[in-house]
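Here's the structure, in C-alpha cells; my notes come after.
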Amino acid sequence: MKIGILSTNKNLYSTKRLVEAGQARGHEMQVINHKKCYMNITSHRPGVHIKGEPIDELDAIIPRIGASVSFYGTAVVRQFEMMGVYSVNESVAITRSRDKLRASQLLSRKGIGLPVTGFANDPGDTEDLLEVVGGAPVVIKLLEGTQGVGVVLAETKKAAESVIEAFRGLKVNFMVQEFIAEAGGADIRCFVIGDKVVAAMKRQGKEGEFRSNLHRGGSASLIKLTPEERSTAVRSAKVMGLNVAGVDMLRSNHGPVVMEVNSSPGLEGIESATNKDVAKLIIEFIEKNSKQGKTRTRGQG
C-alpha cells in the first residue's frame, strides 16, 4: 500500500515510528507537510499538490494535524477524502475532537463521565457560573489550548474571577470545570485503536503542578485499567468518530471522568511507558480497514 503521513516534521518521534512500522510491513510510506499542500477544489477531479507537483495516488493517510493548524490541516484531509483516499481519522472527527466545548457536549449527551463544566458569554454570569461547577477551586481552560497551555487552576473565588476577567478581556473562548482534587495531579492516557484500548499509561505531574502533560515535565508509568475505564475510553473515541485516539481521563470519587479526546496522540510517551509497538498496531488497523472510497463522509462534513 501507499500510505501518506500528514506531518509538518518528518523528524518527530511519532512520524518516524509510523514510517518505520509501515516500511517494516512492506508499505510505501510518504511524509507530506500538509501546511505546504495546496488544493484544486474547482475541478471535477479534486487533487492535492505540493511543490508544483500533484501528490501521487495514495491508498490511505494518517493525519498528524497540530492544533495550531487544525483549520487548514483538516481541509487537506477533507480533500483527500473527496479523492476517495481512506483516512484513519476523518476530517469531521478531528474537527469535532479539537473543539473542547463541542466534544464535551457530545460526550455528555452519550452519558460519558465528565467533570462538571460551565460555559458562559456574559461577564455578569461569572458568580453563578462558578456556583454551577461547585465553586473554587476550579480549572479554567482555553477552548483552543493544547498540551496544557491555556489551562489555569484558580484556587479561590477571587482568583477565578480575575482569570475569567482576563480571558474575557482577550476575547478568547474558555470553559470552567470542577477541580478533581482526588486525582492528585495524575491522569490516565488510554490509546484507543478501533474498538479497543491497546495501551495505557498514568501521567503524574511534577511536584506542585496539577497538569500531568509530559511536555510540562510530567512522568509516565504503566497502569492497569478497570473495565469501566477501558469502556469509557473506547466509547469516548467512538462518540468523536475517531479510529485512533488518545483519551485522557481522571480517577474521580464518582468514577472515570474524561478530560480530552486527542485525535493526534503522541507515540513516544505511550511506547516508552508500555513497551508496546503502537505504531505497528496503527498500520495493522489500516491494513484491515482501508478501502478505496471507504471514508464515511467523503469530505462532506
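The values are calculated or read from the model by the stated rules, or taken from the named source; none is laboratory data. Note that this is a predicted model, so its numbers are computed, not measured. Here Cβ is always computed from backbone atoms with ideal geometry, including for glycine, and neighbour counts include all displayed protein chains.
Some notes on this structure:
- Yes/no for Glu90 being touching a strand residue (DSSP E or B) at 6+ places or on another chain (Cβ under 8 Å), among the acidic types (Asp, Glu), within 26 Å of Asn289 (Cβ to Cβ) and at pLDDT 90 or above: no
- Members of the range 1-28 that are more than 23 Å from the chain's Cα centre (by Cα) and within 20 Å of Ser263 (Cβ to Cβ): none
- Exactly one residue out of Val163, Val132, Val152, Val76 is modelled with pLDDT under 90, aliphatic (A, V, I, L, M) and touching a helix residue (DSSP H, G or I) at 6+ places or on another chain (Cβ under 6 Å): that is Val152.
- Positions within the range 168-203 being surrounded by 18 or more Cβ atoms within 10 Å (Cβ to Cβ) and more than 28 Å from Leu267 (Cβ to Cβ), in sequence order: Phe174, Met175, Val176, Glu178, Phe179
- Among the conditions (1) under 23 Å from Arg235 (Cβ atoms); (2) touching a strand residue (DSSP E or B) at 6+ places or on another chain (Cβ under 7 Å); (3) part of a loop (DSSP other than H, G, I, E, B), Ala136 misses just one, which is (1).
- Boolean, Pro115 is over 17 Å from Asn33 (Cα atoms) and without any contact (Cβ under 8 Å) to a residue 60 or more places away in the chain: no
- Scanning the range 226-276 for residues that are over 15 Å from the mean Cα position of the chain (by Cα), closer than 25 Å to Met175 by Cα and not in a strand (DSSP E or B) yields a count of 4.
- Of the numbered criteria (1) closer than 24 Å to Leu107 by Cα; (2) at pLDDT below 95, the one Gly269 fails is (1).
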